[in-house]
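Just below is one structure, and these are the notes that go with it.
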Amino acid sequence: MNSTWWKEAVVYQIYPRSFKDSNGDGVGDLRGVIEKLDYIKSLGVDAVWLNPIYKSPNADGGYDISDYNDIQPEFGSLHDFDELLKGLHQRGIKLIMDIVVNHSSDEHYWFTESRKSKNNPYRDYYIWKSGKNNGPPTNWPSFFGGNAWSLDETTGEYYLHLFSKKQPDLNWENPELRKAVYDMMKFWLNKGVDGLRMDVISCISKNVNFPDTDTDDFNETIRKYYANGPRLREFLQGMNEEALSEFDCVTVGEGPGITNENALTYLEEKKGLNMIFHFGHMFIDQGEGGRFDPIAWSMDGFKEIFKIWDDTFSKKGWGSVFLGNHDFPRMVSRWGDDKKYWAESAKLLCTLLMSMRGTPFVYAGDEIGMTNVALSSIEDSKDIETLNGWSEAKKKGVLAADFLKIANQQGRDNARTPFHWNSSDEAGFTSGKPWMPLNSNFKQINKDVQEDDQNSVLNYYRTMISIRKAHPVLIYGTYQPIETESEKLFVYVRENEEEKILIALNFSEETVNLHSRFISKIQEKLIGNYPPLTHEWMILRPWEASVYTLYKELL
Ligand code: ISL
Ligand code: CA
């Protein structure tokens with residue numbers, strides 16, 4: 001396995017709107033990130049992924065870009081950006097930008113031109129079609145509810161938007177559009193950016209025969225019609241040849257519809273991407289209706305997903321590991337216990353994240369164990385997905401209280417509340433009124449209270465990150481899941497020629513016996529989230545995580 005910086009890196013994901021506000025307008029900004037560079041460095045991370053910071057009417061948290069070559073004024077200027085990049089590089093930290101090229105904003109110049117007339121030079125930058133039977137060209141549902149086509153009165157044709165009406169899909173079939181996208185990528189890479197996270201890259205090549213979908217299962221519709229189209233490999237290859245090959249730049253593809261069967265087509269060396277995010281575990285609790293249609297899931301299923309994907313990436317490419325991001329609930333609330341065993345389970349999840357094969361991505365706030373927020377009414381949501389989801393659900397007769405309950409568990413607002421810096425007013429995030437309400441638990445859960453506490457979640461992250469770096473086996477070693485008697489135990493071994501490490505995680509509030517043939521081979525405990533016990537490895541206490549080196553020669 002070839003080693004590279006990005007395989008060894010730990011990436012810290014920053015949602016700029018909610019990280020730190022520097023000027024009191026309640027909105028986090030680039031100068032806020034600059035203020036916190038030493039904090040970011042103190043975590044031991046190697047790279048930062050910034051969610052979109054480009055000019056945007058902000059219909060979808062900046063994923064609706066109206067100018068790819070400029071900064072959202074609320075976030076600052078290109079001058080601030082250059083300073084941020086310099087500050088990161090001075091500290092040895094790389095920067096990964098979020099590139100959104102499946103769609104733009106409807107306020108982008110390309111689209112305001114495109115919609116003017118059928119023969120406008122920008123017409124083919126987007127996907128236009130005439131209607132069918134007095135309705136939209138296909139029955140395709142959009143990610144954010146309703147049909148994925150909107151009629152534009154000016155020319156009487158429909159345009160495609162897999163996401164909101166304000167996010168028309170770019171037409172990758174058009175070589176001029178592709179060239180414009182590559183030029184934009186080069187603009188940022190020429191500034192010295194080190195990597196690109198590519199939003200919804202799975203959908204740039206679609207089924208352009210535009211058949212109706214024949215299933216009610218949304219994720220299946222994505223796989224069959226929106227993602228993994230016939231020209232995907234060609235487009236990725238063109239992107240490499242025409243934009244990326246000139247630079248030393250890591251790429252991480254994001255996209256629904258990527259499965260373990262098709263993942264490797266994205267990971268062709270020099271022709272594809274370096275890594276992709278898969279959503280196996282992230283969709284484990286979604287039913288046919290998607291996010292607001294939750295279903296039960298099991299730990300066995302969860303563990304199986306890690307195995308399948310490790311197998312996949314062992315063949316080609318490299319994995320990425322994440323347990324939360326700006327699109328999902330807070331990881332401790334989702335996979336852990338955000339009440340009685342809050343600290344234990346937050347540390348356990350950190351142990352999982354930092355001991356898997358693949359590059360770990362830490363979503364800002366998770367390193368202090370931030371939890372889901374409970375909105376008191378749907379109207380308090382700031383997220384187009386939740387607001388549109390509610391208007392669709394309402395039509396189907398769902399009660400507001402029932403929808404709110406689901407949104408509070410599954411919604412994206414959970415991950416987007418401002419970062420808790422300290423116990424002062426507004427958690428030290430802003431001197432003004434935050435753009436979205438803070439989580440009311442910020443006095444208990446914040447960065448400053450955890451800074452000097454050696455047992456805090458924050459300091460556990462720092463230690464666990466340094467352990468990962470000190471033991472290359474945790475980066476490159478093979479991953480071997482171990483059968484356990486209890487479904488709630490997640491136990492595995494990482495191994496390379498030099499070392500063998502056992503990781504034992506108890507995903508429950510029961511005390512569980514750990515019977516494993518490895519127990520007699522334990523050499524030393526590297527880290528754990530409980531004080532030691534004699535024969536401690538025989539049992540795992542509620543949400544206990546333990547990491548041991550094993551005697552290699554005995555095996
Ligand atoms: O979160 C999801 C499940 O409901 C995903 O399907 C997600 O919507 C999808 O992976 C695309 O997400 C990305 O593009 C969206 C944007 O809203 C998300 O924030 C972004 O991460 C549109 O640009
Ligand atoms: Ca601000």
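The values are calculated or read from the model by the stated rules, or taken from the named source; none is laboratory data. These numbers were taken from a predicted model, which means no experiment stands behind them. With ideal geometry, Cβ positions are generated from the backbone for all residues, glycine too; neighbour counts draw on all protein chains shown. Note: accessible area is taken over every heavy atom of the protein model, side chains too, but ligands, DNA and RNA are not part of it. Shrake-Rupley method; radii C 1.70, N 1.55, O 1.52, S 1.80 Å.
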Helix 232-242 axis, angle to the chain major axis (alpha carbon atoms, nearest 10°): 90
Protection-proxy order for peptides 110-121, 453-464, each taking the mean of Cβ atoms within 10 Å per residue, highest first: 453-464, 110-121
Cα-projected label distance for Trp5 with Lys340, points at 7 Å along beta-carbon direction, nm: 4.7
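Rolling a 1.4 Å sphere over the protein heavy atoms, what is the accessible area per residue of the stretch 95-230, to the nearest Å²?
Working: 5050 Å² over 136 residues.
Computed with neighbouring chains in place, this is 37 Å² per residue.
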Mean separation of Cα contacts under 8 Å (6+ apart) over length of the chain, as relative contact order %: 13
Listed peptides 402-414, 440-452, 49-61 by packing density, highest first (mean Cβ within 10 Å): 49-61, 402-414, 440-452
Between the stretch 438-507 and the stretch 140-179, the alpha-carbon center distance in angstrom: 43
Bridge type composition, the chain - antiparallel percent by DSSP, nearest 5: 60
Rounded to whole Å, sorted largest first: equivalent-ellipsoid semi-axes of the stretch 1-101, Cα gyration tensor: 23, 17, 11
CD proxy at 222 nm, helix term only [per DSSP H run n ≥ 4: -39500 (n - 2.57); per residue of the chain; nearest 500]: -7500 deg cm²/dmol
Counted charge near Asp337, where neighbours are those whose Cβ lies closer than 11 Å (Asp, Glu -1; Lys, Arg +1): 0
Nonlocal amide H pairs with Ile276, under 5 Å, H built at 1.01 Å: Gly253, Trp318, Ser320
3J(HN,Hα) from dihedral phi, the stretch 482-496, Karplus parametrisation 6.51/-1.76/1.60, rounded to Hz, x for glycine, proline: 10, 4, 10, 6, 9, 4, 6, 8, 10, 10, 7, 10, 10, 8, 9
Cα-based helix-to-principal-axis angle, 384-395 vs the chain, degrees rounded to 10: 70
Farthest toward positive dipole pole in the stretch 406-555 [+1 Lys/Arg, -1 Asp/Glu at C-beta], among Val491, Val473, Ser546: Val473
Vicinal HN-Hα couplings computed from phi for the stretch 349-358 (Karplus, 6.51 cos²θ - 1.76 cosθ + 1.60; Hz; Gly/Pro x): 5, 4, 4, 4, 4, 8, 10, 8, 7, x
For the stretch 273-428: span of alpha carbons on each principal axis (Å, largest first): 46, 42, 32
Bins of 10 Å from zero: percent of alpha-carbon pairs in the stretch 204-327: 12, 38, 36, 13, 1
Student exercise, the chain dipole from Lys, Arg, Asp, Glu Cβ charges, in Debye to nearest 20: 380
Interchain or long-range residues, amide H under 5 Å from Leu196's placed H: Met97, Val250, Thr251, Val252
For the chain, diffusion coefficient by Stokes-Einstein and Kirkwood Rh (Cα), 4 °C, 1.567 mPa s, µm²/s: 53
P(r) weight above 17 Å for the stretch 76-178, C-alpha pairs, percent: 59
Cα centre as origin, Lys/Arg/Asp/Glu Cβ charges: the stretch 90-188 dipole, Debye: 240
Extended-chain gain in nm, criterion 0.36 nm per residue less alpha-carbon gap, Leu387 and Lys270: 38.0 nm
Viscosity 1.306 mPa s, 10 °C: Kirkwood-radius Stokes-Einstein D of the stretch 171-230 over Cα pairs, µm²/s: 118
Accessible carbon and sulfur surface of the chain relative to its total accessible area, %, 1.4 Å: 48
Per residue Cα convex hull volume in Å³ - calculated over the stretch 379-498: 206
Rounded to 10°, Cα long-axis angle of helix 457-470 versus longest principal axis of the chain: 80
Accessible area (Å², per residue) of the stretch 359-515, counting only protein heavy atoms and a probe of 1.4 Å: 42
